[in-house]
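Undergrad: Let me give you the structure first, and then I'll get to my questions.
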Amino acid sequence: MRHSFLIASAASAALLTGCTMPIYDTASQSPTDTVVTVTEKLTPPVAKRELETITQVGRTRVDPYHWMKDDNWQTVMTDPSVLREDIREYLVAENAFTKATLEDPLEALKTELFEEMRGRIKEDDSSLPDIDGAYAYLSKFREGGEYPIFARRPATDIYNDDAVDEILLDGDVLGAGKAYFSFGALGHSPDHKLIAYAVDDQGSEIYTVKFRDLATGADLPYSVEGTAGDFTWSENSDAIYWVERDGNGRPVAVHHYKLGGERSTEIYRESDPGFFTGIAKSQSGKYIFISVGDQVTSETHYFEADAETPEVKLIAPREPGVEYRVEHWDDRFVITTNQGGAVDFKIVTAPIDTPGKDNWTELVAHEAGTLILGLDVLKDYLIRLERKDGLPRIVVRDRTNGEEHSITFDEAAYDLDVSTGYDYDTTQIRFEYASPATPDQEYDYDLATRERTLRKTKQVPSGHNPDDYVVERIMAPARDGVTVPITLLRHKDTAIDGSAPMLLYGYGSYGITISARFRTTPLALADRGMVYATVHPRGSMAKGYQWYLDGKLKKKVNTFNDYVDAGRYLISEGYSSEGKVVGMGGSAGGLLMGAVANQDPTMFAGIIAAVPFVDVINTMSDESLPLTPPEWPEWGNPITSAEDYDTMIAYSPYDQVGDKPYPAMLITGGLSDPRVTYWEPAKWAAKLRHEAPNGGPYYLRINMDAGHGGASGRFEGLKETALEYAFALQVVGKADGRE
């Protein structure tokens, strides 16, 4: 899915101390000797313009900032030091300008916000343990720690707070001294003697899998390089199956690695560059599934998890527009699918030896408007997570008699999640409940007795009273007659008379629905009188799968219209006023920010666009980029279709920049980002400055040490949020206090 901090350099130091340095002159098309003394006048870098003419499907466009894409970008993802020098100088200058004109002046507010948000985090928090055999496994943080620690304790001590945990992996030790560090997949061997873990120390999402002997605590002298961070253990504990990431950054193949060997054996390779590959083990532990698919079509292969030489078999061949997901249920497979027009999905079963579509038998019928989000399988129960009328519910089906019962709650907006742990033959599951005002509550639930036991409530050390906040679910009328869901959080004392500023968050792509979870960070804005609203436009699945279909391809403009119409409706209802709204979105939500800024710039006081996918036509025309072929079903293919080209270019934020009264914008990116490459936000900022010099100001901030997710540590990441919120408060005139 398409979804930032700073390093110092000589160039940035020059800008910050009032020295002079070259900038780029728009008239000369090349670096000049023009200089700017920052202590006299703080002016943003001006990017050179080199007109690149591009013709395809009978259309021609001119890109003045094509030069920002390094021809050697694949290598830059893993080794940023090879970035072309003129590009590096420009990005460093942009970072320096943003630091001098935004970050430094807001330092006190940013620090205040950071400390406040950090105070809401239980720093030494831990997960509830999950039992697997003789052990209960858990993750936790130490006070002040940036990265998770993975541990285990005897299963008999699962809820013993005084138990002494055995540390398996210490993220703070592994990440020490690294500008970026992140775990991918991580899992102990079925015999509990080893742990395999994937790590990325660049942000490129290219992982190395390492192996640790849990008896000695030492890493073994072998590893697997170039993985997508996705793997699973064989049931024999002597091998892993891992997913390869190719030179274009795509997960394309599955390999079998026998521990200690010199090489892996390839067991599956996907030939279609538009299909990504993944791997997972069934809850029963008997089978391993290889899943391949794009945005609308999927296919699954399987083999026995204890096979010394795996024989990969096909469940059912891919069929355009048909998705299916597979689990194992004793003598059969159970499959969630949209086959046969089941837009919101249905559940079928299939014989293990002959699992093709001709042998699928319906178990749970399709119900329009009730979207099946996920399915978990235990020996005697099926547990499915659904969304109906915008709210989730857990439905439990008894295998013996087919009876079903549901787990629901009464708040206006809330989120549910379900976990089945490691066991297959059990009646115990765990579910988590939260709302924007209610901290997470984790329950153990007995499927047979229907008894729930509250095991944990998320702690907010600095204090939190849910009654201080109001959560609302609002349906806003869109211009074509549909109603758009909005989840709204505000302090109970915030007046609904148009005086309050509002942060309007949105995403709306890939069917992803922003959940109504409890997040401590928005409370910092709510406590300062801002309304925090999340729009669920078409392109998400907030109102079912059709809601997603109505916000993609030729209907993509519905996403942007829904967001604008929702914002305008909230203004009309007194939740805010024109010019007091701050738009916020990241990745494909950054595309949303660019599109709505073009459509209705006067609604906003500011825009926060994190790693924004804004150079749509160029990105979707570049087959070498990791996500381009798999995402043609989401956006269209402008290489082969003039109609798709015309649809995209009509909303592409980069291509539609004009001389408009754009609000202030904070635009972020990551140098090692393989999803939204660094040059997208950089090109957009440069074009905004050139085409709309009277708008803005425009602040560009490229994290030179990270990728799509920004800074990797939990507190370093919180500093980035603090800057975004400080910017939001500044542009609505609340940077000097809460009132």
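The values are calculated or read from the model by the stated rules, or taken from the named source; none is laboratory data. If you're wondering where the values come from, they're calculated on a predicted model, not measured in any experiment. Here the Cβ positions follow ideal geometry from the backbone for every residue, glycine too, while neighbour counts run over all protein chains shown.
Undergrad: Could you count how many residues in region 360-382 are within 23 Å of Ser435 (Cβ to Cβ), out of contact with any Ser or Thr (no Cβ under 7 Å at 6 or more places or on another chain) and part of a strand (DSSP E or B)?
TA: Matching residues across region 360-382 total 4.
Undergrad: Inspect region 574-583 for any residue being under 19 Å from the mean Cα position of the chain (by Cα) and surrounded by 23 or more Cβ atoms within 10 Å (Cβ to Cβ) and give the result as yes or no.
TA: For region 574-583, residues under 19 Å from the mean Cα position of the chain (by Cα) and surrounded by 23 or more Cβ atoms within 10 Å (Cβ to Cβ): present.
Undergrad: Can you tell me which residue is modelled with the lowest pLDDT among those in region 218-236 that are within 20 Å of Ile290 (Cβ to Cβ) and of a type in the set (Ser, Thr, Tyr)?
TA: Step one: list which residues in region 218-236 are within 20 Å of Ile290 (Cβ to Cβ), which gives 224, 226-236.
Cutting the leftovers down to of a type in the set (Ser, Thr, Tyr) gives us 227, 232, 234.
Details: Thr227: 94, Thr232: 98, Ser234: 97.
Of everything passing the filter in region 218-236, Thr227 is modelled with the lowest pLDDT.
Undergrad: Within region 68-87, take every residue that is in contact with a Phe, Trp or Tyr (Cβ under 9 Å, 6 or more places away or on another chain) and in a helix (DSSP H, G or I) and give me the one that is nearest to Glu680 (Cα to Cα).
TA: Out of the qualifying residues, it is Met68.
Undergrad: Moving to a separate point now. With respect to Glu716, is the statement that it is surrounded by fewer than 20 Cβ atoms within 10 Å (Cβ to Cβ) and modelled with pLDDT under 95 true? Full working, then the answer.
TA: Values: surrounded by fewer than 20 Cβ atoms within 10 Å (Cβ to Cβ): yes; modelled with pLDDT under 95: yes.
In short, yes.
Undergrad: Just give me the residues in region 675-693 being part of a loop (DSSP other than H, G, I, E, B) and within 26 Å of Lys554 (Cα to Cα), in sequence order.
TA: Arg675, Val676, Thr677
Undergrad: Scanning region 643-685 for residues that are of a type in the set (A, V, I, L, M), buried (at least 22 other Cβ atoms within 10 Å of the Cβ) and in contact with a strand residue (DSSP E or B) (Cβ under 8 Å, 6 or more places away or on another chain), which turns out farthest from Gln74 (Cα to Cα)?
TA: Per the criteria, the residue is Met665.
Undergrad: To continue, here is another question. Give me the pairs, please: first residue somewhere in region 628-639 and closer than 18 Å to Trp547 by Cα and of a type in the set (Asp, Glu), second residue anywhere and at pLDDT 95 or above and part of a loop (DSSP other than H, G, I, E, B), beta-carbon distance under 6 Å, and either six or more positions apart or on two chains.
TA: Between residues of region 628-639 that are closer than 18 Å to Trp547 by Cα and of a type in the set (Asp, Glu) and residues that are at pLDDT 95 or above and part of a loop (DSSP other than H, G, I, E, B), the close pairs are Glu634/Lys552.
Undergrad: If you check Glu244 against the conditions, is it acidic (Asp, Glu), assigned to a strand (DSSP E or B) and either at pLDDT 95 or above or more than 24 Å from the chain's Cα centre (by Cα) (or both)?
TA: yes
Undergrad: What helices (runs of 4 or more DSSP H), lying completely within region 555-654, carry at least 2 residues that are within 30 Å of Glu205 (Cβ to Cβ) and among the charged types (D, E, K, R)? Give the derivation first.
TA: Values: elements: 557-572, 588-599, 616-619, 628-635, 642-651.
By residue number, 628-635.
Undergrad: Does region 456-465 hold any residues that are charged (D, E, K, R) and assigned to a strand (DSSP E or B), and which are they? Working first, answer last.
TA: Pass one, region 456-465, residues charged (D, E, K, R): 456, 458.
Lys456 - this is the single residue of region 456-465 that is charged (D, E, K, R) and assigned to a strand (DSSP E or B).
Undergrad: Of a type in the set (Gly, Ala, Ser), modelled with pLDDT of 95 or more, touching a Pro at 6+ places or on another chain (Cβ under 7 Å) and farther than 20 Å from Pro629 by Cα: is that true of Ser264 in this structure?
TA: When the stated conditions are applied, Ser264 does not pass them.
Undergrad: Go over the candidates Thr26, Thr37, Thr20 one by one and state the one that is of a type in the set (Val, Ile, Thr), at pLDDT below 50, in contact with a His (Cβ under 8 Å, 6 or more places away or on another chain) and in a loop (DSSP other than H, G, I, E, B).
TA: Values: Thr37 fails: in contact with a His (Cβ under 8 Å, 6 or more places away or on another chain); Thr20 fails: in contact with a His (Cβ under 8 Å, 6 or more places away or on another chain).
On inspection, the qualifying residue turns out to be Thr26.
Undergrad: Return yes or no: is Phe231 within 21 Å of the chain's Cα centre (by Cα) and under 22 Å from Glu308 (Cβ atoms)?
TA: Yes; evaluated as a whole, the condition is true for this residue.
For (1) buried (at least 16 other Cβ atoms within 10 Å of the Cβ); (2) assigned to a strand (DSSP E or B); (3) out of contact with any strand residue (DSSP E or B) (no Cβ under 6 Å at 6 or more places or on another chain); (4) on the phi < 0 side of the Ramachandran plot, each residue gets a yes or a no:
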{"position": "Thr438", "(1), (2), (3), (4)": "yes, no, yes, yes"}
{"position": "Thr449", "(1), (2), (3), (4)": "no, no, yes, yes"}
{"position": "Leu454", "(1), (2), (3), (4)": "no, yes, no, yes"}
{"position": "Asp467", "(1), (2), (3), (4)": "no, no, yes, yes"}
{"position": "Met475", "(1), (2), (3), (4)": "no, yes, no, yes"}
{"position": "Asp480", "(1), (2), (3), (4)": "no, no, yes, yes"}
{"position": "Arg490", "(1), (2), (3), (4)": "yes, yes, no, yes"}
{"position": "Ile514", "(1), (2), (3), (4)": "yes, no, no, yes"}
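Undergrad: Same structure again: Quick one: is Thr640 farther than 27 Å from Asp172 by Cβ, surrounded by 20 or more Cβ atoms within 10 Å (Cβ to Cβ) and among the polar types (S, T, N, Q)?
TA: Considered against the rule, which asks whether it is farther than 27 Å from Asp172 by Cβ, surrounded by 20 or more Cβ atoms within 10 Å (Cβ to Cβ) and among the polar types (S, T, N, Q), Thr640 comes out as no.
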